[in-house]
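Asker: I'd like to ask some things about the structure below.
The values are calculated or read from the model by the stated rules, or taken from the named source; none is laboratory data. Small disclaimer: the values here were computed from a predicted structure and weren't measured. Backbone-built Cβ (ideal geometry, glycine too); neighbour counts: all protein chains shown.
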Amino acid sequence: MALGESVKRVDAVAKVTGRARYTDDYFMPGMLVAKYVRSNIAHGKVIKINTDKAKVLEGVEAVFTFKDVPQIKYAPAGHPYSLDPSHQDVADLLILSDEVRYIGDEIAVVVAEDELIAQQAVELVEIDYDVYDVITQSDQALAEDAREIHPGSGNIAGKSSYEVGGNLGEAFAASDMIHEAEYKTAMVQHLHIENHTAFAYMNDLEHLVIVSSTQIPHIVRRVVGQSLDLPWSRIRVKKPYIGGGFGNKQDVVLEPMVAFLSYHLEGRPVRITMTREECMLNTRNRHPMELKVKIGVTKDGTMKGRAMNVISNTGAYASHGHSIAAAGGSKSCLLYPRQVIAYDARTIYTNTPIGGAMRAYGSPQIMFAIECAADDMARKLKMDPVDFRLKNAAKAGDINPLNKQAISTAGIIECLQKGRTAIDWDQKLKEIGNSQSGTVRRGLGVACFSYGTGTYPVCVEIAGARIILNQDGSVHVQTGATEIGQGSNTAVAQMVAGTMGISFQKVHIVSTQDTDVTPFDTGAYASRQVYVVGNAVFRAASELKNKILNFAAETTEIPTENLDIVDDYIVTVDQNARQVISLADLSIQAYYHKEIGGQLTADISYKTTTNAPSYGCTFVDLNVDVPLCRVTINEIYNIHDSGKIINPMMARGQVEGGVIQGIAAALSEQMLIDPKSGKVYNNNMLDYKVPTMTDAPDVHSDFVETEEPTSSYQTKSLGEPPIISPPPAIRNAILHATGVAINELPMTPQVIFEHFKKQGLI
């Protein structure tokens, strides 16, 4: 049985030997290269554009401007299509536009024989602008006299509010103590290894083929069709191996343009590959947020009510827009559900790079504020912050205040208890004491999270799986769910092997998605793979197993109910259990018997209509060098309730990567933007501070394996949650060490210095 085992990843050898082929590894005869002509101002309108010099440069095939493209506004966000027009994504983007809304906005595109010529041609395009005032801050965007970045929007891309669980005024009135504070998070980048890249060609006069590094091939097909006003059936999207995404490739960024170019250049293949600098500026980023929190508690630490006001900055275009702030708010309701919760959020437009989906989808920002406020309140109550959380944390059977459904499994209390023991919390608190002095001070911190699994009921959750029994007794598995480095192909192979009773080595995964042949699936996002896709895989594997056993019964005259598959053999399950026939021999019979049998397959499309919450926490032990304003992490533990673990080794890898990404968000990573011009100072790997291996501490992880009843394999989300709780845990540990509350991310040495100086530590 492969389920629960740390088997080697199915793509491990291909990736470490360089045999795995990514989008840029594919070339076609006569392939052209395209590069964008981008704006050098943040806000304005093109009043004149001259492409004559670019067009006559030797090696240039074509130059297209905003005048040449379809004037169809479309939504690039990688969400499933909604039948409800009011719930569909905001369509505010053109392939090329004369309206400039941030530095780097796409005005024209040059197509040439190679990248060097294309870049030279880009520099020859002359543009004159009518320059407008630049809006980078929320107060500017929401001012009464502010110029609308998108006409009719009021600079608001979306908003929502609710009050659930009772009456907030009554909850605060019943509280013995009220805490109010403001928090702030920064814009950060995904920094996946493989940059955005795509190419398109026409294999006949009717069909466009797009090869792209994307998380969402079936959604790309739809969005390209919408943006170019083409039948979706005339568009084919292929996804080879992909070098990471983290949500940045859950947007349709390059595909409409390469499709347009090929379509207008007689079907010739045209490629766009973004530079790292372009990726950091012109793809998507994590939404920066401003958050106000007000919580009320009783003397014994019982939470009575919480109010949050959130402003989320989506930048120049909506992309995923308000769904980020909305999702982060709804998922946070699951952590401490036994209280009144009020939530008010607005997503605003500014003349800054575009916000989009990024790992954990709004929860890192929202949970930072909640978990910082929780520690602040525990400190006011003189209560152990772990005990404070244990008192209020969700339990199985609690009611989700938003949908009024009972929470089926909640292992957060067990996670807190495990983490407390693992880091030796109580003993270390005694050693550190209540107050510290000296240049180096030690602190302990804790923070929790809750997170959903998939997107239901907000979006449809549909997944497809196709499994074919081969002539040699092995199986081929095809899913529409995309492998982007998270290990989903390996997990699927383990699930198929475990369900069918065959060895892991007998399961072959088709790693490339192709919208013309691959079962429909919306893609890789929302930690949905093992949960949503697992439901389809389980049904397909079970159906194929039943077909195999029925055929075995027909050929052996042993009743189906007396047969099973164990270790690649058909076996009897009666008291005289024995091997009847190998699966390989049975497969040969199914294919080549002259009268009976045939190719045995299962093809399932399944919609999941549940959303199981996962939980977890981070414990951290760190030192703060006060004069140097430097934080050194001594120990960090992440404990997760992610349901049953399919592959412990991969699960630990997910946690380790997520924790390090969370540490980076806590201490160093941020996009630096000039508030007056909108210019990004550090869209490069020299100036954008990513932690190296020398900065990364050892990450310890453990799991509380609740058995989630709504999942075919008792699983819940794991890929995204590890990033959520490290930043507030680190902030809370700094607070414990120094008594200084730093309510913004990242807590760089400069930020720490400013807070220490204000509080008199320096």
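Asker: Name the residue that is nearest to GLY678 (Cα to Cα), counting only residues in region 83-111 that are of a type in the set (Ser, Thr, Tyr) and surrounded by fewer than 24 Cβ atoms within 10 Å (Cβ to Cβ).
Answerer: Taking the candidates together, the pick is SER97.
Asker: Could you check region 402-431 and list, in sequence order, the residues that are in a loop (DSSP other than H, G, I, E, B) and buried (at least 20 other Cβ atoms within 10 Å of the Cβ)?
Answerer: Hits for region 402-431 are THR409, ALA410, GLY411, ILE423.
Asker: Here's a follow-up. Pairs only if they're at least six apart or on different chains, beta carbon under 7 angstrom, first in region 553-573 and charged (D, E, K, R), second in a loop (DSSP other than H, G, I, E, B); list them, first residue then second.
Answerer: Every condition considered, the pairs that remain are GLU554/ILE596; ASP564/GLY501; ASP564/VAL573; ASP567/SER503; ASP568/GLY473; ASP568/ILE502; ASP568/SER503.
Asker: Anything in region 293-342 that is under 30 Å from GLY104 (Cα atoms) and assigned to a loop (DSSP other than H, G, I, E, B)? List them, or say none.
Answerer: At the first step, the residues of region 293-342 found to be under 30 Å from GLY104 (Cα atoms) are 310-328.
If the condition is that a residue be under 30 Å from GLY104 (Cα atoms) and assigned to a loop (DSSP other than H, G, I, E, B), then ALA316, TYR317, ALA318, SER319, HIS320, GLY321, HIS322 are the ones that fit.
Asker: Which one of the conditions (1) among the hydroxyl-bearing types (Ser, Thr, Tyr); (2) more than 21 Å from MET358 (Cβ to Cβ); (3) surrounded by fewer than 24 Cβ atoms within 10 Å (Cβ to Cβ) does SER227 fail to meet, given that it meets all the rest?
Answerer: (3)
Asker: Quick one: SER450 ticks every box in (1) outside any loop (DSSP other than H, G, I, E, B); (2) over 16 Å from the mean Cα position of the chain (by Cα); (3) touching a residue at least 40 places away in the same chain (Cβ under 8 Å) bar one, so which box is it?
Answerer: (2)
Asker: Restricting attention to region 361-393, which residues are of a type in the set (Phe, Trp, Tyr), within 29 Å of the chain's Cα centre (by Cα) and outside any loop (DSSP other than H, G, I, E, B)? Break it down into steps so the answer makes sense when it comes.
Answerer: So the first thing to find is which residues in region 361-393 are of a type in the set (Phe, Trp, Tyr), and the list is 361, 368, 388.
Filter once more, so that each one left must be within 29 Å of the chain's Cα centre (by Cα): 361, 368.
Residue satisfying the conditions is PHE368 alone.
Asker: Restricted to region 455-476, and to residues that are in contact with a helix residue (DSSP H, G or I) (Cβ under 6 Å, 6 or more places away or on another chain) and crowded, with 24+ Cβ neighbours inside 10 Å, which residue is nearest to GLY329 (Cα to Cα)?
Answerer: Filtering first and then ranking leaves GLU461.
Asker: Considering each residue of region 208-264, count those that are among the small types (Gly, Ala, Ser) and assigned to a loop (DSSP other than H, G, I, E, B), and give that number.
Answerer: 5
Asker: Let me ask another. Considering only region 576-668, give the strands (runs of 3 or more DSSP E) lying wholly within it that have at least 1 residues that are closer than 22 Å to ASN546 by Cα.
Answerer: Values: elements: 579-582, 601-607, 614-625, 630-641.
Of the strands (runs of 3 or more DSSP E) lying wholly inside region 576-668, those with at least 1 residues that are closer than 22 Å to ASN546 by Cα span 579-582, 601-607.
Here's the yes/no breakdown for (1) closer than 18 Å to VAL507 by Cα; (2) surrounded by 18 or more Cβ atoms within 10 Å (Cβ to Cβ); (3) not assigned by TED's automatic domain parsing to the domain that holds LEU586:
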{"residue": "ASN535", "(1), (2), (3)": "yes, yes, no"}
{"residue": "PHE538", "(1), (2), (3)": "yes, yes, no"}
{"residue": "ASN550", "(1), (2), (3)": "no, no, no"}
{"residue": "GLU557", "(1), (2), (3)": "no, no, no"}
{"residue": "ASP567", "(1), (2), (3)": "yes, no, no"}
{"residue": "VAL573", "(1), (2), (3)": "no, no, no"}
{"residue": "ASN576", "(1), (2), (3)": "no, no, no"}
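Asker: Tally the residues that are surrounded by fewer than 19 Cβ atoms within 10 Å (Cβ to Cβ) and among the hydrophobic types (A, V, I, L, M, F, W, C), restricting the search to region 645-674.
Answerer: 2
Asker: Please determine, by comparing only the residues of region 738-762 that are touching a strand residue (DSSP E or B) at 6+ places or on another chain (Cβ under 7 Å) and in a helix (DSSP H, G or I), which one is surrounded by the most Cβ atoms within 10 Å (Cβ to Cβ).
Answerer: THR738
Asker: Could you identify the single residue in ASP128, ASP114 that is of a type outside the set (S, T, N, Q), at negative phi, loosely packed, with under 13 Cβ neighbours inside 10 Å and under 35 Å from the mean Cα position of the chain (by Cα)?
Answerer: When all the criteria are applied, what remains is ASP114.
Asker: Might you let me know whether region 283-291 holds any residue that is more than 30 Å from LEU168 (Cα to Cα), in a helix (DSSP H, G or I) and not assigned by TED's automatic domain parsing to the domain that holds ARG359?
Answerer: Narrowing region 283-291 to residues more than 30 Å from LEU168 (Cα to Cα): 283-286.
Next, from what is left, pick out any that are in a helix (DSSP H, G or I): none.
Checking region 283-291: not a single residue is more than 30 Å from LEU168 (Cα to Cα), in a helix (DSSP H, G or I) and not assigned by TED's automatic domain parsing to the domain that holds ARG359.
Asker: Further question: Which one of these is buried (at least 24 other Cβ atoms within 10 Å of the Cβ), touching a residue at least 40 places away in the same chain (Cβ under 8 Å) and either of a type in the set (Lys, Arg) or not assigned by TED's automatic domain parsing to the domain that holds PRO746 (or both): ARG338, ARG359, ARG346? Please lay out each step first, then the result.
Answerer: On the way: ARG338 fails: buried (at least 24 other Cβ atoms within 10 Å of the Cβ); ARG346 fails: buried (at least 24 other Cβ atoms within 10 Å of the Cβ).
Just one listed residue meets the conditions, ARG359.
Asker: Also: Taking only region 15-25 into account, find how many residues are over 13 Å from THR512 (Cα atoms) and either outside any helix (DSSP H, G or I) or in contact with a strand residue (DSSP E or B) (Cβ under 9 Å, 6 or more places away or on another chain) (or both). Don't jump to the end; show me each part of the working.
Answerer: Let us first name the residues in region 15-25 that are over 13 Å from THR512 (Cα atoms), namely 15-19, 24-25.
From the residues that got through so far, the ones that are either outside any helix (DSSP H, G or I) or in contact with a strand residue (DSSP E or B) (Cβ under 9 Å, 6 or more places away or on another chain) (or both) too are 15, 17-19, 24-25.
Matching residues across region 15-25 total 6.
Asker: Could you tell me whether region 53-60 includes any residue that is more than 27 Å from the chain's Cα centre (by Cα) and among the basic types (Lys, Arg)?
Answerer: There is at least one residue in region 53-60 that is more than 27 Å from the chain's Cα centre (by Cα) and among the basic types (Lys, Arg).
Asker: Let me ask you something else. Output the qualifying pairs, or none if there are none: Cβ atoms under 7 angstrom, residues six or more apart or on different chains, first residue in region 746-762 and in contact (Cβ under 8 Å) with a residue 12 or more places away in the chain and within 21 Å of PRO288 (Cα to Cα), second residue assigned to a loop (DSSP other than H, G, I, E, B) and among the polar types (S, T, N, Q).
Answerer: Cβ pairs passing all conditions: PRO746/SER668; PRO746/GLN670; THR748/SER668.
Asker: A further question on this structure: From the set of residues in region 348-360 that are within 11 Å of GLY321 (Cα to Cα) and part of a loop (DSSP other than H, G, I, E, B), which is farthest from the chain's Cα centre (by Cα)?
Answerer: ILE354
Asker: Looking at region 168-189, is at least one residue surrounded by fewer than 18 Cβ atoms within 10 Å (Cβ to Cβ), part of a helix (DSSP H, G or I) and among the small types (Gly, Ala, Ser)?
Answerer: Taking every residue of region 168-189 in turn, at least one turns out to be surrounded by fewer than 18 Cβ atoms within 10 Å (Cβ to Cβ), part of a helix (DSSP H, G or I) and among the small types (Gly, Ala, Ser).
Asker: Next up: So which residues in region 141-167 are farther than 25 Å from GLN365 by Cα and crowded, with 20+ Cβ neighbours inside 10 Å?
Answerer: None; the set is empty.
Asker: Check every one of the strands (runs of 3 or more DSSP E) wholly within region 458-568 and list those with 3 or more residues that are within 30 Å of ALA326 (Cα to Cα). First the steps, then the outcome.
Answerer: Numbers: elements: 462-469, 475-479, 507-509, 563-566.
Because the criterion is at least 3 residues that are within 30 Å of ALA326 (Cα to Cα), the strands (runs of 3 or more DSSP E) in region 458-568 that meet it are 462-469.
Asker: Being crowded, with 24+ Cβ neighbours inside 10 Å, closer than 30 Å to GLY678 by Cβ and not β-branched (Val, Ile, Thr), is that true of even one residue in region 298-307?
Answerer: No, region 298-307 contains no residue that is crowded, with 24+ Cβ neighbours inside 10 Å, closer than 30 Å to GLY678 by Cβ and not β-branched (Val, Ile, Thr).
Asker: Which of the numbered conditions does ALA396 fail, given that it passes all the others? Conditions: (1) assigned to a loop (DSSP other than H, G, I, E, B); (2) surrounded by fewer than 15 Cβ atoms within 10 Å (Cβ to Cβ); (3) in contact with a Gly (Cβ under 8 Å, 6 or more places away or on another chain).
Answerer: In the conditions (1) assigned to a loop (DSSP other than H, G, I, E, B); (2) surrounded by fewer than 15 Cβ atoms within 10 Å (Cβ to Cβ); (3) in contact with a Gly (Cβ under 8 Å, 6 or more places away or on another chain), ALA396 misses (3) alone.
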